[in-house]
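Single-structure report; data block below.
The values are calculated or read from the model by the stated rules, or taken from the named source; none is laboratory data. This one's a predicted model, so the numbers in the text were calculated from it and none came from an experiment. Cβ atoms come from the backbone with ideal geometry, glycine included; neighbour counts cover every protein chain shown. For the accessible areas, the whole protein counts, side chains as well, though only heavy atoms, and no ligand, DNA or RNA atoms are used. Shrake-Rupley method; radii C 1.70, N 1.55, O 1.52, S 1.80 Å.
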Amino acid sequence: MPVTFRPELDSLQTYVPPKSWRMAAEGRADDYAKLTSNELAFGPLPEAEAALSEALPRANRYPDSHVSRLREVIAEANAGVETANVMVGNGSSEVLLNALQLLPAGGEVVFPWPSFSLYPMLCAVLGMKTRPVPLTRDNGLPAEAMLSALTDETRAVILCNPNNPSGTYLPLSEVRGFAGELPDDVLLILDEAYVEFVDDPLYKDSHALALEGGNVVVARTFSKAHGLAGLRVGYGISSERVADYAERVRFPVSVNLAAQVAATASMLAREKVRARAEFAIRERGRLQEAFGAANLDFIPSQGNFVMVRFGADEFERSGILVREGGALGYPGWSRVTVGRSEENDRVIGAVS
Ligand SMILES: *Cc1c(COP(=O)(O)O)cnc(C)c1O
C-alpha cells in the first residue's frame, strides 16, 4: 500500500510556466520582447543594486529573521502604519498564504474569477473550499455578487484590485463599501500587487482600510513596480492581531538577505518607483489607443498589462511573447505586459 496523500491534492497540477520562461531557459527568447509575466521592464533601481552589492559579503550569515528594517520603511511609507501592522513574506504569495493559514480549515474562500491562479491553489493546499464568482459582463469585479455568495462557511474573500488578468478595478469608495458590508468574522484579503499602476487619484491610502477594520489584509509586492520579482519579497498591512498571528505561521527566515536589503533600498527610493509606474501608465495608454485604432477588443486596464483580443501566436510571429489568454480564462485573447517604449512600439506594429 502506498502512503495515503490528502485527496484534495489530486486535482492540483504543478505550475505550468508561460512558454516564454521555457524559451528563456533554453536560450531561445533573446530576440523576443518578453511581455508575459507583468514584470517591470527595467532592472532594480541603482539604490537596490548598491544595497545588494554591499550586503553580499554577509551572505554567510542568516539575515534578520524579523525583517525589522524593511518593516520600518514600509511603515514610514504608509501613513498611520506601525511596524506591528506590517506583514512580510517571500513574495506577496507568502503573505497571502500566511493570511489564509490563520483561518480554520474546511471553510470557504470567495474570490472573483477569472483572477490570480494562486488563489485556488492555496485553498486546495490548505484544505479550504473555493467559491469563484464570475466577473461582471464587462469584466468588472463583482462586488454585489460576491456579497450574495457569502455563506456561514465563508472564512475569507480575496479581492485582487486591480484584477489580474482583466486589469479592471473597484474604486476605493466601492472597496470601502464592500468591506463595510462584510461580516466581521470574514477576512478580506485585498491583493494590491498592481496598486502602483492605478491612475485614479482617489485610489490612495487604501491601506487605511486595514487599520480601520480588524478583518482586512492589504497585500502588496516588490515583484511588479519595484522590479524585484527575482528576489521574492512582498508585504501586507493589517491589524496588529492579524500581523501577530501571521508572524507565528510564517517560515522563520522566509525573506532572504538580498530581498531584505534590496526591498528596503527600493522603498526608500519610492519616488523613482513612482516615476517608473507613471511611465508604465503612459505607455499603457499608448497601447490601448493602438488597440482601439486597430478595432481590437481590449479591456481598459489599471495594471501594467492589457488584455486584448489578439492571438498570442500572432504576437509571437512579430517577436513578442505574451501570456496566452486561454490559460487565463480568455481564449483567443492575450495578456500583454507594458514594456519599454521600443517593446511597446513592436506591439503596436504587430496589431496595426
Ligand atoms: C504578480 C502578482 C502577485 C505577486 O506575487 P509575488 O509572490 O509577490 O511575486 C500577487 N498577486 C497577483 C494578482 C499578481 O499578479
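Numbers for the structure displayed
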{"read-out": "Every pair of residues 6+ apart whose Cβ atoms lie under 6 Å, when the first sits in region 212-228 and is over 18 Å from GLU49 (Cβ atoms) and not assigned by TED's automatic domain parsing to the domain that holds GLU82 while the second is at pLDDT 95 or above and more than 7 Å from the ligand (Cβ to nearest atom)", "value": "none"}
{"read-out": "Test for VAL73: is it open to solvent by less than 20 Å² (accessible area, probe 1.4 Å), under 14 Å from ALA263 (Cα atoms) and in contact with a strand residue (DSSP E or B) (Cβ under 6 Å, 6 or more places away or on another chain)", "value": "no"}
{"read-out": "Selected residue (only one of ASP297, ASP313 is more than 16 Å from the ligand (Cβ to nearest atom) and closer than 19 Å to PRO18 by Cβ)", "value": "ASP313"}
{"read-out": "Within region 123-138, considering residues that are within 16 Å of the ligand (Cβ to nearest atom) and surrounded by fewer than 20 Cβ atoms within 10 Å (Cβ to Cβ), the one farthest from ASP297 (Cα to Cα)", "value": "VAL125"}
{"read-out": "When residues of region 28-53 are limited to those that are in contact with a helix residue (DSSP H, G or I) (Cβ under 6 Å, 6 or more places away or on another chain) and open to solvent by less than 10 Å² (accessible area, probe 1.4 Å), the one nearest to the ligand (Cβ to nearest atom)", "value": "THR36"}
{"read-out": "Residue among GLU289, GLU247 that alone is closer than 29 Å to VAL347 by Cβ and away from the ligand (no atom under 16 Å from the Cβ)", "value": "GLU289"}
{"read-out": "Matching entry among ALA210, ALA219, ALA246, ALA225 (being in a loop (DSSP other than H, G, I, E, B), within 19 Å of the chain's Cα centre (by Cα) and of a type in the set (A, V, I, L, M))", "value": "ALA225"}
{"read-out": "Filter result for GLU54 (under 21 Å from VAL242 (Cα atoms) and assigned by TED's automatic domain parsing to the domain that holds GLU240)", "value": "no"}
{"read-out": "Scope region 177-191; condition out of contact with any Leu (no Cβ under 9 Å at 6 or more places or on another chain) and either over 18 Å from LEU150 (Cβ atoms) or without any contact (Cβ under 8 Å) to a residue 12 or more places away in the chain (or both); matching residues", "value": "GLY180"}
{"read-out": "GLU49 among the charged types (D, E, K, R) and either under 19 Å from the mean Cα position of the chain (by Cα) or closer than 29 Å to ALA124 by Cα (or both)", "value": "no"}
{"read-out": "Those residues of region 145-203 which are away from the ligand (no atom under 15 Å from the Cβ), within 13 Å of VAL218 (Cβ to Cβ) and open to solvent by 10 Å² or more (accessible area, probe 1.4 Å), in sequence order", "value": "LEU172, ARG176, ALA179, LEU187, TYR203"}
{"read-out": "When residues of region 91-114 are limited to those that are open to solvent by 10 Å² or more (accessible area, probe 1.4 Å) and under 21 Å from ASN163 (Cα atoms), the one farthest from the ligand (Cβ to nearest atom)", "value": "GLU108"}
{"read-out": "Flag if TYR15 is farther than 30 Å from SER166 by Cβ and outside any helix (DSSP H, G or I)", "value": "no"}
{"read-out": "Single condition LEU56 does not satisfy, out of (1) open to solvent by 60 Å² or more (accessible area, probe 1.4 Å); (2) under 30 Å from LEU328 (Cβ atoms)", "value": "(2)"}
{"read-out": "Test result for VAL86, away from the ligand (no atom under 14 Å from the Cβ) and either open to solvent by less than 10 Å² (accessible area, probe 1.4 Å) or basic (Lys, Arg) (or both)", "value": "yes"}
